[in-house]
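Throughout, read-outs are computed from the coordinates displayed, never taken from laboratory work. Worth saying up front: this structure is predicted, and the values here are computed from it rather than measured. Here the Cβ is made from the backbone with ideal geometry for all residues, glycine too, and neighbour counts use every protein chain on show.
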Amino acid sequence: MAQQLIVGLIVAAAAFYAVWRWMPAGWRRGAAQKLAAGTHRAGWVDEARAKELAASLAKTSGCGSCDTCGSCAPKAQAPLKQPEADQAILHKPSTPSTLSSTHSR
């Protein structure tokens, strides 16, 4: 019986983690605020620790899940400028002498 209870708790914890991890960020922030407020009202933590708990629970690891880092935001791309020496090499016209030296008959 104890084994089944332990396995049930492990499965429930894994299911809770999966739901929390894939929950939309807005829902996760709201749930974290409510959970932290509940722990403060119950007297388990003080107000400062409740705010830290809410901030910690609202975050998740992985790209695209945070709203504040800005790594997923579209970035304005500046036009690429090549140095003049590179442009001269890229736009050098092909002459018959260079073509004939590379192609032997």
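Placing unit charges on each Cβ (+1 for Lys and Arg, -1 for Asp and Glu) gives segment 1-49 a dipole about its Cα centre, and among Y17, G30, Q4 the Cα reaching farthest toward its positive end belongs to G30.
Rounded, prolate or oblate: pick one for segment 1-58, where a ≥ b ≥ c are the square roots of the eigenvalues of its C-alpha gyration tensor, a/c under 1.5 means rounded, and failing that, prolate if a/b is larger than b/c, else oblate. Oblate is the answer for segment 1-58, as a/c is 1.5 or above yet b/c matches or exceeds a/b. For a paramagnetic label modelled on A55 (point 7 Å from Cα along Cα→Cβ), amide N atoms under 19 Å away belong, within segment 3-39, to 26, 28-39. Summing charges over all other residues whose Cβ lies under 13 Å from the Cβ of A50, with Lys and Arg as +1 and Asp and Glu as -1, gives +1.
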